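Report on the following structure.
Rule-based calculations on the coordinates, nothing more; no lab input. Source: prediction; values computed, not measured. Don't worry about glycine lacking a Cβ; one is built from the backbone with ideal geometry, like all the others, and counts go over all protein chains shown.
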């Protein structure tokens, strides 16, 4: 977020280090990500390598290797290969509703606080493991951090971010094999080694003479040519990336909904009106959700004002240099993203630091399309675009409606709503919320 201030003071492309620029200009981001320019990822990505011995499609910096991997992995994220996606998401919404009703419903005489930051991540983890593996790990059922996954990520991210933003340190840790020597072993009972062990055990079942064959994302990876080790690396990366970013989007959007009575009431009214008119089923489908203009405006505004990932995502200018928007940039220069600044671009209006969903409804068609193009950069673009974008949007289409049609949410400590720190991804906790039932009968067909 400090980079946002840098771009505000020094312009939309500013120098932050030797051979390193940062930009908040959407057009420059599209240029550095376009397939035809063949820009490559910088060593910034290496620090986010979850498996210390093997790159995933996200961290692979070789264009050729990246493109080969993406060809094998991409089908697993498609709607064609995830025909039961909606059912799997609905199942985990049912688990979340059950958890809230079982343990966290408050009354006038009994307050039962729920840490919505933690519970949102439990939900996101159960959804992504259900999609990738066919079965959820059970975070919501157990109401605890299974395999210490969240604690491990919290412990690893600060070092990873320091290494990604300090090239010399990154080369020492990742370029010399030091990380592999620091104890990352699948037999470990803590740290990233423990995560590797979980992935190894799951993937092992899919290979060999008695292999388990499933119609899930991991099954797609294998059908499309990933070997055992690469499947382990992709599985780990998908679970980390697919859970933390989704959880942050849910937390941030719920925070802005709860702290803005106008937004809260308008959204509730739209949900109740859609129910009354029979325009939404139970559970709501993604198609129905996208016919609710205010809900969609809230989702877009949540992603805009609080992008779930703020890392630099640096790309390298080709040898010989390039002229980008009238300025010559020498070859080998890294150009990083200022995600916070991109989503505060002038296309969104003068009040970019205000959570105001109405901006998406008020804009004319031409401006709205440009706003949506800029918002899409939250998910990257071009050859580096997020593979899980379609899945995340279906999750967001459903989760807010299914929670707000049943429950009322109120921050317990509005002056200090959460503890949030950023290390490329957001680590958020202690978002204490009071949940009450909306009406006497909160049951909804299809989720009971």
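What is the calculated FRET efficiency for residue 413 to residue 279, with r their C-beta to C-beta distance and R₀ = 51 Å, to the nearest 0.05? Write down the numbers at each step before the final one.
Values: r = 36 Å, r/R0 = 0.71.
Result of the calculation: an efficiency of 0.90.
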*With contacts defined as alpha carbon pairs under 8 Å and 6 or more residues apart, what's the relative contact order of segment 334-417 in percent?*
19
*Which of rounded, prolate, oblate describes segment 1-120, given a ≥ b ≥ c as roots of the alpha-carbon gyration tensor eigenvalues and a/c under 1.5 marking rounded, otherwise prolate only if a/b is larger than b/c?*
oblate
*Projected-area average for segment 306-448 over all orientations - Cα convex hull basis, square nanometres*: 12.9
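Please give the contour-minus-distance gain from residue 370 to residue 328: 0.36 nm per residue of separation, less the Cα-Cα distance, rounded to one decimal in nm. Please report the intermediate quantities before stating the final value.
On the way: separation 42, 0.36 × 42 = 15.12 nm, distance 2.62 nm.
Net length gain for the segment: 12.5 nm.
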*Give the distance, in whole Å, between the Cα centre of segment 121-175 and the Cα centre of segment 255-291.*
31
*Estimated FRET transfer efficiency (residue 71, residue 101; beta-carbon r; R0 45 Å; 0.05)*: 0.55
*With label points built 7 Å along Cα→Cβ from the Cα atoms of residue 259 and residue 390, find their separation and express it in nm.*
3.5
*Measuring from centroid to centroid over Cα atoms, what is the spacing of segment 7-49 and segment 81-115 in Å?*
40
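I need the shape label for segment 333-378. Rule: rounded when a/c is under 1.5, else prolate if a/b > b/c, else oblate, with a, b, c from the alpha carbon gyration tensor. Don't skip to the end; give the middle numbers.
On the way: a/c = 2.77, a/b = 1.72, b/c = 1.61.
Since a/c reaches 1.5 and a/b is larger than b/c, the shape of segment 333-378 is classed as prolate.
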*At 7 Å along the Cα-to-beta-carbon direction for both residue 151 and residue 291, put a label point, then send me their distance in nm to one decimal.*
4.7
*Please report the relative contact order for the chain, taking Cα pairs under 8 Å with a sequence separation of at least 6, and give it as a percent rounded to a whole number.*
25
*Points 7 angstrom from Cα along the Cβ direction at residue 361 and residue 227: gap in nanometres?*
5.6
*Once you sort the root eigenvalues of the Cα gyration tensor of the chain as a ≥ b ≥ c, which label holds: rounded (a/c under 1.5), prolate (a/b larger than b/c) or oblate (the other case)?*
oblate
*asked:* What would the Debye equation give as log₁₀ I(q)/I(0) for segment 180-330 at q = 0.13, 0.18 Å⁻¹, counting only Cα atoms as equal point scatterers?
replied: -0.94, -1.05
*Among 91, 56, which comes first, then next, by fewest other beta-carbon atoms within 10 Å?*
91, 56
